[in-house]
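Okay, structure first, notes after.
Taken together, the values in this text are just the output of simple stated rules run on the coordinates, not laboratory data. In this text, all values refer to a predicted model and were calculated from it rather than measured experimentally. Positions of Cβ are generated from backbone atoms using ideal geometry, with glycine treated the same way; all protein chains shown enter the neighbour counts.
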Number of protein chains: 2
Amino acid sequence: MDIVMIGSGNVAAVLGRKFTAAGHKIVQIISRNASAASELAYEWDTESANYMSLTNPNADVYILAIADNALEEVVRDLKLPGKVVAHTAGSVSKEILKDVTRHYGVFYPLQSLRKEISGLPDIPIFFEGSDDIATNTLQKLAQSIAYEKATPAGTEDRLKLHVAAVIVNNFTNHLYVLAEKYCQAEGIDFRQLLPLIEETAQRLKTSSPSDTMTGPAIRNDQETIQKHLQLLQGHPAIRKIYQVFTESILQTK
Amino acid sequence: MDIVMIGSGNVAAVLGRKFTAAGHKIVQIISRNASAASELAYEWDTESANYMSLTNPNADVYILAIADNALEEVVRDLKLPGKVVAHTAGSVSKEILKDVTRHYGVFYPLQSLRKEISGLPDIPIFFEGSDDIATNTLQKLAQSIAYEKATPAGTEDRLKLHVAAVIVNNFTNHLYVLAEKYCQAEGIDFRQLLPLIEETAQRLKTSSPSDTMTGPAIRNDQETIQKHLQLLQGHPAIRKIYQVFTESILQTK
């Protein structure tokens with residue numbers, strides 16, 4: 001398909017690379033950030049523009065990969081009648097696009113995307129269209145980059161997926177932040193924990209996390225727990241998390 | 001080196017495989033669990049025994065890979081004068097072995113080990129010896145399977161590493177458990193989150209977690225946070241964790 005990419009941030013860059021790798025053609029990239037846009041235009045051998053009014057009207061799909069709070073303003077004067085137009089914001093309704101075209105929808109990548117990365121991660125796509133034309137086009141596009149991880153999903157399901165994503169991505173990463181701070185303060189090397197972190201994530205491919213839970217909390221090993229709380233005396237923020245988790249793990253058993 | 005492995009659980013099995021892969025020879029495996037021991041003996045083409053009194057006295061190193069709380073009893077009648085003997089329990093002092101031999105120590109693998117896995121994970125080893133003979137032997141053994149991830153560490157450092165490991169392994173896995181329960185209850189597919197979970201862990205290889213924090217909490221995006229807390233009304237355990245993390249992330253900024 002011929003695609004116009006609107007936006008030049010992390011989502012636009014990584015989705016654009018996925019599209020290109022799948023054989024699609026980015027025919028134009030539009031962004032107010034002229035330097036980011038021209039970098040991506042160079043990478044994709046395409047043209048860039050920095051006004052929505054210059055949007056090329058001849059593409060099959062228009063992807064709005066811009067921040068949630070910028071969508072309303074950008075969409076206000078956009079008219080692409082007869083075209084398929086989708087935004088990538090998981091927690092925004094598709095209806096924000098209803099005055100742009102009859103064929104509108106959402107194309108939500110459930111992944112943490114950063115343009116600096118070298119390889120391209122697996123990206124599950126959740127899509128939704130206003131009518132058959134939008135739905136079919138977005139489904140085809142989703143399947144071309146996500147294979148069996150292309151799934152129809154309405155606003156409610158996307159919101160739920162976002163909550164779950166916050167738990168496994170943001171909260172997990174916060175645990176890594178706390179562990180790194182603790183290691184730095186105590187003079188031990190956080191990087192020695194990376195194999196353990198990787199193994200913990202990899203294991204999910206073959207086992208449910210409920211079946212592989214180990215550690216002092218699930219054993220209710222109070223001797224070790226008290227020893228750990230003692231060690232964390234000088235780290236109140238981590239100590240608080242330690243207590244909350246120990247209690248939560250015991251109650252989840 | 002010729003190694004006697006005492007224990008037949010997860011740590012014994014995976015360490016034994018690492019030793020074998022590095023060219024060492026397991027000359028005997030000893031365990032009260034006769035069937036587990038004979039399975040590993042078959043895998044390693046060696047002999048098994050189920051009494052400590054039958055311990056082969058001709059090995060270079062004796063590894064006690066048994067549960068923390070079984071160590072004391074197993075060690076009580078063990079005499080291996082002149083031999084190098086080490087246990088694998090990170091939070092137990094090496095002194096528990098002082099009546100077994102003059103050359104004793106600790107050989108602590110910082111990894112979550114399960115015998116069913118197919119591949120062998122990276123395993124950082126933290127070692128400590130009672131004298132030069134023990135230290136040198138354990139260092140050589142550690143380097144042969146962990147390369148630059150072989151590090152000397154006393155009891156205090158091992159305890160701190162264990163606390164950090166509980167945070168990044170047990171607590172992270174608990175977040176996965178909570179997310180899986182939420183997905184099951186809400187009819188969404190937890191497996192769609194696996195690429196995100198993998199990316200979150202992989203990213204640590206190139207970036208500090210503090211530099212890659214995203215999500216509503218770090219942006220203090222109260223609109224999204226309130227929407228999420230609303231969605232979590234029926235999940236009090238997860239809601240509690242959501243609130244504690246949102247607060248902790250804001251305070252860590």
* Structure fact -> Between the alpha carbon centres of the stretch A:104-151 and the stretch A:1-64 the gap in Å comes to 16 Å
* Asked: How much net charge surrounds A:L71 when only other residues with a Cβ under 15 Å from its Cβ are counted (Lys, Arg +1; Asp, Glu -1)?
  -> -3
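If you place +1 on the Cβ of every Lys and Arg and -1 on the Cβ of every Asp and Glu, how big does the dipole about the Cα centre of the protein assembly as shown come out, in debye to the nearest 20?
Magnitude of the dipole: close to 340 debye.
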* For the stretch A:46-86, which trypsin sites (Lys or Arg not before Pro) are in a loop by DSSP, counting at most 16 other Cβ atoms within 10 Å? -> A:K79
* Asked: Of all the Cα-Cα pairs you can form in the stretch B:43-133, what percent are over 23 Å apart?
  -> 28 percent
* Integer Hz, Karplus 6.51/-1.76/1.60 couplings in order for the stretch A:225-239, x for Gly and Pro -> 4, 5, 4, 5, 5, 4, 4, 8, 3, x, 10, x, 5, 6, 4
* Asked: Can you list the residues, at least 5 places off or on another chain, whose amide H is less than 5 Å from the amide H of B:I30, using H built in the peptide plane?
  -> B:M5, B:I6, B:G7, B:A49
* Asked: Residue by residue through the stretch B:111-128, which ³J(HN,Hα) values in whole Hz follow from phi under the Karplus form 6.51 cos²θ - 1.76 cosθ + 1.60 (θ = phi - 60°), with glycine and proline marked x?
  -> 7, 8, 10, 9, 5, 6, 4, 8, x, 9, x, 4, 10, x, 10, 10, 10, 7
* Theoretical ellipticity at 222 nm over chain A - DSSP helices of four or more residues, -39500 (n - 2.57) apiece, nearest 500 -> -13500 deg cm²/dmol
* Using a cut-off of under 13 Å, list every residue of the stretch B:1-18 whose amide N is near the label point 7 Å from the Cα of B:R32 along the Cα-to-beta-carbon line. => B:7-8
* Sum of side-chain charges, A:R17 neighbourhood, beta-carbon under 9 Å (Lys, Arg +1; Asp, Glu -1) -> +1
* Taking one equal scatterer on every alpha-carbon of the stretch B:2-153, how large is log10 of I(q)/I(0) by Debye at q = 0.14, 0.15 1/Å? -> -0.59, -0.68
* Structure fact -> For A:R102, inter-copy label-point distances (7 Å, Cα→Cβ), nm, shortest first, read 9.3
* Asked: To the nearest Å, what is the center-to-center distance of the stretch A:82-102 and the stretch A:211-253, using C-alpha atoms only?
  -> 46 Å
* With everything on Cα atoms, drop me the angle between helix A:172-186 and the longest principal axis of chain A, reported from 0 to 90° to the nearest 10. => 50 degrees
* Asked: Which is farthest toward the positive dipole end of the protein assembly as shown among A:A70, B:V14, A:N220, measuring Cα position about the Cα centre, with Cβ charges +1 (Lys, Arg) and -1 (Asp, Glu)?
  -> A:N220
* To do: In Å³ and rounded to a whole number, note down the convex hull volume per residue for the Cα atoms of the stretch A:40-81.
  => 97 Å³
* To do: Find the eigenvalues of the gyration tensor of the Cα atoms of the stretch B:1-50, then list the square roots of 5 times those eigenvalues as equivalent ellipsoid semi-axes, largest first, in whole angstrom.
  => 16, 10, 9
* **Estimated vicinal HN-Hα couplings, Hz - the stretch A:78-88 in sequence order (Karplus 6.51, -1.76, 1.60; Gly, Pro = x)** => 8, 10, 9, x, x, 9, 8, 10, 9, 9, 10
* **Interchain or long-range residues, amide H under 5 Å from B:A150's placed H** => B:I125
* To do: Go from 0 up to the bin containing the longest alpha carbon distance in the stretch B:143-253, width 5 Å each, and give me the % of pairs per bin.
  => 2, 9, 13, 19, 22, 14, 8, 6, 4, 2, 0
* Among the residues of chain B, which one places its Cβ closest to the rotation axis that maps chain B onto chain A, and what is that distance in whole Å? -> B:A201, 2
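Counting residues in the protein assembly as shown as N, plug N into 2.2 N^0.38 Å and put the Cα Rg over that result.
1.15
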